[in-house]
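The values are calculated or read from the model by the stated rules, or taken from the named source; none is laboratory data. These numbers were taken from a predicted model, which means no experiment stands behind them. When we count neighbours, we look across all protein chains shown, and the Cβ atoms used for this are built from the backbone with ideal geometry, even at glycine. Heavy atoms of the whole protein, side chains included, go into the accessibility calculation; ligands, DNA and RNA do not. Shrake-Rupley method; radii C 1.70, N 1.55, O 1.52, S 1.80 Å.
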Amino acid sequence: MESITKLFKSNIRQYGMIIALVVIMLLFEVLTNGLLLKPINITNLILQNSYILVLAIGMVLVIITGHIDLSVGSIAAFVGAVAAIMMVDWQLPAWLAVIASLLVGALIGAWQGFWIAYVRIPAFIVTLAGMLLFRGLTMIVLEGQSISPFPGGFQKISSGFLPDVQFSGLGLVSIIVGILLTLWYIFNELRERRSQRKYGFQVVSQGLFLLKLIVVAVVTNLFTFVLASYAGIPNILVLLFVLIVVYSFVMNRTVMGRHVYALGGNEKAAGLSGVKTKKVTFWVFVNMGTLAAVSGLIFAARLNAATPRAGTNFELDAIAACFIGGASASGGIGTVFGAIIGGLVMGVLNNGMSLIGLGIDWQQGIKGLVLLLAVAFDIYNKNKRAA
């Protein structure tokens, strides 16, 4: 019990948000009379929140460096509009339009990163200007009207599913994927544990380690079983999984990731240690612009249209997901996994409140309160550690 308490205290933000997510899901499962966890609603949760989760992955890097980006919703809308012009009006192949759209997002990120990193204008001001600029450009490009429909192949980014083989009402491919993911996770955890022991690092007890493996294995296979009960694994879930794995690896196992954390922890100390702080800041915003473009393409594909109002409040949801997931407002702290958990908390809140019939006014107020409590919890823990 002592080791469990110690483990929980050392990871209180991460585990606290996971527990909060489980409690919120169980609460709405009861309040909605079992609707929340039905296979069709779980699939809808993934599809409805995918573009926010993509933004949260990029936003957590920005917040870790001690900055903020208010422009991502407008960038997503602008890229969606540009993609619509290329695919619908110009009849360009979808793959070419997607590549061009990602390049547009990267260039926008480079534009903002230049002003922030090299001219030293605060990120709040630069991205606030970007939010207004690209929202205006979206309206100019679309001439105040929606453009649709997109090609069927492009729509499948958000509405398609992996090919599956049905057996007794279940998708066999989804079940197999769950088993393979479980084996992959167990293999990585065992390898990590051996590596830690080899270099003399402290590891959790064998009992706790086995409990962790069992819990993750059960949750993973239950999740894929639920997906298999409806239509299988959405294409967008595969993209999200790849992004989570890649960015978690970059942040935890590469020099670039260490530099991002060092920059957010103490910029002057990082510079004296050899970190090229301006270059790191610049590339973090290039990355944010690219992921905002990905988010814009996902949203456009789901809506099957580019609209002048697309992306509204995306930046607020992405920022809230990061802070709820454990990122610190002062920089230097945060994880990709935490941002995903925070995004899921927001998504479940939105979905659950809609299912029980709460109005948008109540929804906005409750989400604001949850964000405030999450940041207050972070400050409380920081002050407690300092004392």
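Listed values, structure above:
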| item | result |
| --- | --- |
| Residue within the range 48-66 that is open to solvent by 50 Å² or more (accessible area, probe 1.4 Å), part of a helix (DSSP H, G or I) and either at pLDDT 90 or above or closer than 17 Å to I157 by Cα (or both) present | yes |
| Selection status of V98, part of a helix (DSSP H, G or I), in contact with a Phe, Trp or Tyr (Cβ under 8 Å, 6 or more places away or on another chain) and farther than 15 Å from F299 by Cβ | no |
| Search result, residues across the range 230-268 that are modelled with pLDDT of 90 or more, of a type outside the set (V, I, T) and over 20 Å from G332 (Cα atoms) | P234, N235, L237, L239, L240, F241, L243 |
| Hits in the range 307-359 (condition: among the acidic types (D, E) and either over 30 Å from G257 (Cβ atoms) or in contact with a Lys or Arg (Cβ under 9 Å, 6 or more places away or on another chain) (or both)) | D317 |
| Scope the range 28-41; condition open to solvent by less than 20 Å² (accessible area, probe 1.4 Å) and in a helix (DSSP H, G or I); matching residues | F28, N41 |
| Considering residues of the range 326-350 that are among the polar types (S, T, N, Q) and either open to solvent by less than 10 Å² (accessible area, probe 1.4 Å) or at pLDDT 90 or above (or both) only, the residue farthest from M25 (Cα to Cα) | S328 |
| Any hit, the range 225-236, residues being over 20 Å from the mean Cα position of the chain (by Cα) and open to solvent by 60 Å² or more (accessible area, probe 1.4 Å) | yes |
| Checking W362 against (1) hydrophobic (A, V, I, L, M, F, W, C); (2) within 22 Å of F249 (Cβ to Cβ); (3) without any contact (Cβ under 8 Å) to a residue 40 or more places away in the chain, the condition it does not meet | (2) |
| Scan of the range 298-314 for residues that are part of a helix (DSSP H, G or I), over 15 Å from the mean Cα position of the chain (by Cα) and crowded, with 23+ Cβ neighbours inside 10 Å, ordered by number | A300, A301 |
| Those residues of the range 130-152 which are open to solvent by less than 60 Å² (accessible area, probe 1.4 Å), small (G, A, S) and touching a residue at least 24 places away in the same chain (Cβ under 8 Å), in sequence order | G130, G144 |
| Count - residues of the range 69-95 that are outside any helix (DSSP H, G or I) and either buried (at least 19 other Cβ atoms within 10 Å of the Cβ) or touching a strand residue (DSSP E or B) at 6+ places or on another chain (Cβ under 9 Å) (or both) | 3 |
| Every residue from the range 195-217 that is without any contact (Cβ under 8 Å) to a residue 40 or more places away in the chain, over 16 Å from R253 (Cβ atoms) and either among the aliphatic types (A, V, I, L, M) or surrounded by 10 or more Cβ atoms within 10 Å (Cβ to Cβ) (or both) | R197, V203, G207, F209, L210, L211, K212, L213, I214, V215, V216, A217 |
| Boolean, S101 is open to solvent by less than 30 Å² (accessible area, probe 1.4 Å) and modelled with pLDDT of 95 or more | yes |
| Residue within the range 146-157 that is charged (D, E, K, R) and more than 15 Å from L237 (Cβ to Cβ) present | no |
